[in-house]
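Here's the structure, in structure tokens; my notes come after.
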Amino acid sequence: MLLSKAVILSALSKIKDPISGKDIVSANLIKSLTIKSDEISFLIEINPSKEKEYRKVQSLAEIEVKKLKDNLVVRVFLTAHSEEEPTSKSKPP
């Protein structure tokens, strides 16, 4: 049985975002959720300066999704995006 996106997001919504206090789904941290047979992968998008706080969240997310089905391969990646604006390059005259 293939797991649905809704079932996976429901499991992930049990995990609290340590920064906002919301669950990680409501905090819009889950990106690129991919479901392929018995393999699930997704990103948790974080601020790079908060990586340490999110390592536990990463582990908890993997555990919660693995509970959904036996022999499930789950890959959870932290992806860090800075909140700073990119530097603009001057256009030549």
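Annotations for the structure displayed:
- Extending 7 Å from the Cα toward the beta-carbon at both Leu2 and Asp38 defines two label points whose distance is 1.7 nm.
- Full extension of the chain between Lys14 and Lys50 gives 10.9 nm of extra length, using 0.36 nm per residue less the Cα-Cα distance.
- Taking only protein heavy atoms and a 1.4 Å probe, the accessible area of the chain is 50% carbon and sulfur.
- Solvent-accessible area per residue, Å², over the chain with all protein chains present [probe radius 1.4 Å]: 71
- Between His81 and Lys67, the simple spin-label model (points 7 angstrom out along Cα→Cβ) gives 2.8 nm.
The values are calculated or read from the model by the stated rules, or taken from the named source; none is laboratory data. Predicted, not measured: the structure shown is a model, and the values here were computed from it. Note that each Cβ is placed from the backbone with ideal geometry, even for glycine, and that neighbours are counted across all protein chains shown. Surface accessibility is based on the protein's heavy atoms, side chains included, excluding ligands, DNA and RNA. Shrake-Rupley method; radii C 1.70, N 1.55, O 1.52, S 1.80 Å.
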